[in-house]
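Take a look at the structure below.
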Amino acid sequence: MTRYVFITGGVVSSLGKGIAAASLASLFKLRGFRVSLQKLDPYINLDPGTMSPIQHGEVFVTEDGAETDLDLGHYERFVGIQMSQDSNVTSGRVYSNVINKERKGSYLGSTVQVIPHITDEIKNLVIKGAKKADIAFVEVGGTVGDIESLPFLESIRQFSLDLGKSKSMFIHLTLLPYIDVTNEIKTKPTQHSVKELRSIGIQPDILLCRGKNPINQSLKKKIALFTNVSSEAVFSAVDAKSIYDIPIMFSEQGIDKFMMKSFKIRDKKLNLKPWKDYKKKVGKCKNKIKIAMIGKYVDLVDSYKSLNEALYHAGVINNRIVDIVYLDSEKLNKRNIKQLSKMDGILVPGGFGDRGIEGKILAAEFARVNNIPYFGICLGMQISVIEFARNVMKLNKANSTEFNKNTKYPVVALVEEWREKSGKRILADKSKMGGTMRLGSQECIINKDSLAYKMYSKPKIAERHRHRYEVNGNLVGDFEKNGLAFSGKSKKGNLMEMIELKNHAWYVGCQFHPEFTSSPIKGHPLFNGFVNAASKRRK
Ligand code: GLN
């Protein structure tokens, strides 16, 4: 029977609940248990797909096409299991399910209420998300004390009562602030946060205390006394040099062993070697390379979470520390674009809307003309196509119809909008893709005579998508004649998935998002190749 671990957070947000959950799940997976992970998000949106990355951070896309919270990216990277539509549940989803049921008459005349209808729906979704794993990790988003998260907390309280003590556990992650002036670690915010939890009926079984330094025994005792948690169950979650050290840090304190004891499950041998080897490898990375990330969400680095991680992974594989220089594409112009010559690689990530487009086009041109490794992801590939059309093929003001509906040369457009050069509108594809998002994993066939093939070493790949617009398939022949190769195409051959330039250090664009499938140990073929090419500029 599945055991459930509920992870809540207190005092402030962004303490790293997702990474803590992922690290603990990894320890159980490395012991041979079947684990699952799920994130409960208290906001009303059905999913984060429509939220600005500046507010919410990156939208992580799963294999089956769910647009989800970025914590699911951590889950996949740390644990190596695939998340799905069921792995992220928002209040919006819960309420929408309940309202749909009510409309169908499923509640047989009863008054539909938060308790029991909403809480029951949450329980059902939690059970569904657990996928019959041995240990199911369930992270509750937000911070204890938020009005919004109350139905979720109430639901896991009831659920834990149904399950019984040895089948469920509450882990609370809190902050221990350090006061410089008095050289003291403060426990009061933690005391208050646990008090808040207990007032809604949840007594944490384990406290993870985030702070700069490990906490000593006497502090543990003090925290234990005020929170009614045994002092052996108070652990440190110290700021780590690399997030991938955290599973080791947790296991050194015996958190996983403590959990197994409370769950009354037999200890299985832990194989920590993958993380230990990884730590060694990270320690050996000395030389830095600089990669420019040309985006418009540069004020919040969480907007590019998976990209940052994928570059880090590829750095470790290439023995390099990747220094990401975030540049706001809106501020790039012809006068200052030369600053890119100091970079070892240029990356244009995904994005929506026309803000900062011209700066990105300048960056792609600069990389092409100056032989600087270039990686264009999703929008970044479309930008390359626009740049190439304008500057090499001299198609004046070529554009994507996302940015200019009436452009004479719609080199990127919704499939329904593809037009021939004459301007004649033709429907090239009758599928429903245009106008809706193309989401989730799709197959791509790679041309054997290409750099892409060298990177992947296989002719068929599957990568995750999240976009509406496509390179205009009617103009592809013209591009190829001028030297832009389409190295990857969809299974039917009608959608352009990858581009590259011959006679260039490394210039690749892909319509999909490879960053979502990069893992610390293996990296991702395209990121590994890009960082490798960028490293060569330092030799
Ligand atoms: N805005 C572009 C499109 O919808 C690119 C999307 C992206 O980069 N994820 O096609």
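On a per residue basis, the convex hull of the C-alpha atoms belonging to segment 82-174 measures out at 122 Å³.
Percentage of Cα-Cα pair distances in the chain greater than 35 Å, rounded to whole percent? That tail contains 41 percent of the Cα-Cα pairs. Distance between the modelled labels on residue 257 and residue 182, one decimal in nanometres: 3.5 nm (7 Å Cα→Cβ projection).
Given their separation in residues at 0.36 nm each and the Cα-Cα distance between them, residue 286 and residue 522 gain 83.0 nm when the chain is fully extended.
Taking all protein chains together, 239, 328 sort by accessible area into 239, 328, largest first [probe 1.4 Å]. Surface exposure of segment 463-526, expressed per residue as accessible area with a 1.4 Å probe, stands at 32 Å².
Against the chain, whose longest principal axis comes from its Cα atoms, helix 217-227 is set at around 80 degrees.
Rg and Dmax over the alpha-carbon atoms of segment 182-262 stand at 13.0, 38 Å.
Short-range pairs are left out: with C-alpha atoms under 8 Å and at least six residues apart, the relative contact order of the chain is 14 percent. Sequence-ordered 3J(HN,Hα) estimates for segment 12-24 from the Karplus curve with 6.51, -1.76 and 1.60 and θ = phi - 60° stand at 9, 8, 6, 7, x, 4, x, 5, 5, 4, 5, 5, 5 Hz, glycine and proline given as x. Based on DSSP H segments of at least four residues, each scored -39500 (n - 2.57), the chain has a per-residue ellipticity at 222 nm of -10000 deg cm²/dmol. Modelled spin-label separation between residue 336 and residue 132, with each label point placed 7 Å from Cα along the Cα-to-Cβ direction: 5.8 nm.
Calculate, for residue 266 and residue 115, the FRET efficiency according to 1/(1 + (r/R0)^6) with r their C-beta to C-beta distance and R0 35 Å; round to the nearest 0.05.
0.45
The mean of 1/r over all distinct Cα pairs in segment 1-74, once inverted, gives the Kirkwood hydrodynamic radius of 13.9 Å. Modelled label positions at residue 354 and residue 232, each set 7 Å beyond Cα in the direction of Cβ, lie 6.6 nm from each other. Fully extending the segment from residue 212 to residue 242, taken as 0.36 nm per residue of separation minus the present Cα-Cα distance, adds 9.4 nm.
Scanning residues 5 or more positions from residue 58 or on other chains, those with amide H under 5 Å from its amide H are 303, 304, 305, with H placed 1.01 Å from N in the peptide plane.
As a ratio to 2.2 N^0.38 Å, the alpha-carbon radius of gyration computed for segment 270-384 takes the value 1.17.
Highest mean packing first, where packing is the average number of other Cβ atoms within 10 Å per residue, the peptides 53-63, 73-83 line up as 73-83, 53-63. Between residue 458 and residue 104, the contour length at 0.36 nm per residue exceeds the Cα-Cα span by 122.5 nm. Between the C-alpha center of segment 431-494 and that of segment 363-416 there is a gap of 15 Å.
Against the empirical 2.2 N^0.38 Å scaling, what ratio does the C-alpha Rg of segment 152-306 come to?
On the way: Rg = 18.9 Å, N = 155, 2.2 N^0.38 = 15.0 Å.
Working it through for segment 152-306, the quotient is 1.27.
What number, in percent, do you get for the relative contact order of segment 276-423 if the mean sequence gap of Cα pairs under 8 Å and at least 6 apart is divided by its residue count?
Taking the mean separation of contacting Cα pairs over the length of segment 276-423, I get 19 percent.
For the pair residue 299 and residue 537, a Förster radius of 30 Å applied to the C-beta separation gives a FRET efficiency near 0.60, rounded to the nearest 0.05.
One way to sum up the overall shape of segment 236-316 is the equivalent ellipsoid from its Cα gyration tensor, whose semi-axes run 33, 17, 10 Å, largest first.
Share of carbon and sulfur in the accessible area of the chain stands at 51%, probe radius 1.4 Å.
The values are calculated or read from the model by the stated rules, or taken from the named source; none is laboratory data. Remember, it's a predicted structure, so these values are computed and weren't measured experimentally. In this analysis, Cβ positions are derived from the backbone assuming ideal geometry, glycine residues included, and neighbour counts consider all displayed protein chains. The area values use the complete protein model at the heavy-atom level, side chains included, leaving out ligands, DNA and RNA. Shrake-Rupley method; radii C 1.70, N 1.55, O 1.52, S 1.80 Å.
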